[in-house]
Amino acid sequence: MIGLLFGAATYIDKRPIHTYGLQIDRRWGVDVLVGLIIGGAIPTVATVLGLLGGWITAGEAVYTPTATYVRDLGFAIVITVGIAAVEELVFRGYILSNAIEGLDFRWLSQPVTIATALGLSALLFALIHPAPELVNGLHFLSAGLLLGLAYLLSGQLALPIGIHAGFNFVSAYVFPTAADPSFAVISLSTTGPNWLISQTGLIPTALQIPAALVMISYLWWRAGTHSISIDITSKLKIR
């Protein structure tokens, strides 16, 4: 997938791939760490709410700190970060960027152009993820909006990659609520409805709202503004 993106950037878009939000520097690394915290907090808080509500029961730690545990943990980190990086490059870096430019019609205002592109990229993101119930589809749609907003406000993929990887790692490997997780740090058993407490249930979905507020507050503190990044608006024609 990364090879295809390099090819598309070079031969179709005719621009360097770093323009897709990969202008990596010290600030980029800090944004990744902040994103990891924000993303990891969503399933963590969801698990705590499930425990308090009696919908989730925690068992003993599944793994002990052995060489095998460290190896498995390393594999989990590589897989999680790799998936997050590729999906963010595709849906935020490539699709959202090109949608903004492609929808840049003279009769559309810039806010409408950006909002429409964000909605389309989020919808495509939701469609490629399995959603057996409506609430699961709503989760992926709102996740696409959250990650797209992180890209639009920061102008880089660091925050979206961090949020994506943090959520996936904690929900899949630290506090998994799947019936038969292939790898887990803590064993959890669920008694509540899946539509409410699963990884893509209503509680994690609702927690994306405070996560977005925290992200916006961080960017306002870091840059002194909460408007669309100039890296994004520069893709639009000056009217």
(request) Highest first, please rank the peptides 39-46, 157-164, 16-23, 195-202 by the mean number of other Cβ atoms sitting within 10 Å of their residues. (result) 157-164, 39-46, 195-202, 16-23
(request) Return the FRET efficiency for the residue pair residue 19, residue 209: r is the Cβ-Cβ distance, R0 is 25 Å, and the value is rounded to the nearest 0.05. (result) 0.25
(message) Amide H of residue 56 versus every other amide H placed in the peptide plane: which residues, excluding those fewer than 5 positions away on the same chain, fall under 5 Å?
(response) 51, 191
(request) Quickly work out the residue 72-to-residue 4 label distance, labels modelled 7 Å from Cα along the C-beta direction, and quote it in nm with one decimal. (result) 3.2
(message) Please list, ordered by chain and number, the residues whose modelled amide H lies under 5 Å from the amide H of residue 23; skip anything fewer than 5 residues away on the same chain.
(response) 157
(request) At 1.4 Å probe size, with every protein chain present, just tell me what the per residue accessible area of the chain comes to in Å². (result) 51
(request) First obtain the Kirkwood hydrodynamic radius of the range 1-120 from its Cα pairs, then insert it into the Stokes-Einstein equation at 25 °C and 0.890 mPa s, and state the resulting D in µm² per second as a whole number. (result) 136
(request) Output ³J(HN,Hα) for the range 231-236: one whole-Hz value per residue in order, computed from phi by the Karplus curve 6.51 cos²θ - 1.76 cosθ + 1.60 with θ = phi - 60°, and x for Gly and Pro. (result) 5, 8, 5, 5, 6, 9
(request) Please list, in chain and number order, the residues 5+ apart from residue 188 or on another chain whose amide H is under 5 Å from its amide H, with Hs placed from the backbone. (result) 59
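By how many nm would the segment from residue 58 to residue 11 lengthen if fully extended, with 0.36 nm per residue of separation less the alpha-carbon distance? Mind showing how you got there, number by number?
Details: separation 47, 0.36 × 47 = 16.92 nm, distance 5.17 nm.
Length difference between fully extended and current span is 11.7 nm.
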(message) Can you give me the angle between helix 110-127 and the longest principal axis of the chain, using Cα atoms only, in degrees from 0 to 90, rounded to the nearest 10?
(response) 40
(request) Using a 10 Å cut-off on Cβ atoms, rank the peptides 211-224, 111-124 from the highest mean neighbour count down. (result) 111-124, 211-224
(request) Show that you can apply the helix-only estimate: for the chain, add -39,500 (n - 2.57) for every DSSP H stretch of four or more residues, divide by all residues, and state [θ] at 222 nm to the nearest 500. (result) -19000 deg cm²/dmol
(message) On the Cα set of the range 1-68, report Rg and Dmax in Å, please.
(response) 20.3, 55
(request) Quick one: compute the contact order of the chain, relative version, from alpha carbon pairs under 8 angstrom and 6+ residues apart, as a percent. (result) 32
(message) I'd like the carbon and sulfur percentage of the solvent accessible area for the chain, probe radius 1.4 Å, heavy atoms only, ligands and nucleic acids excluded.
(response) 71
(request) Please work out the FRET efficiency for the pair residue 234 and residue 127, using the Cβ-Cβ distance as r and a Förster radius of 22 Å; give the result to the nearest 0.05. (result) 0.15
(request) Principal axes first, then extents: for the Cα atoms of the range 123-235, list largest minus smallest coordinate on each axis, whole Å, largest first. (result) 47, 27, 21
(message) In whole Hz and in residue order, list the ³J(HN,Hα) couplings for the range 165-171 that follow from phi through the Karplus curve 6.51 cos²θ - 1.76 cosθ + 1.60, θ = phi - 60°; x for Gly and Pro.
(response) 5, x, 5, 4, 5, 5, 6
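The values are calculated or read from the model by the stated rules, or taken from the named source; none is laboratory data. Computed from a predicted structure; not experimentally measured. Neighbour counts run over all protein chains shown; Cβ positions are idealised from the backbone, glycine included. Keep in mind that these areas ignore ligands, DNA and RNA; they rest on the heavy atoms of the full protein, side chains included. Shrake-Rupley method; radii C 1.70, N 1.55, O 1.52, S 1.80 Å.
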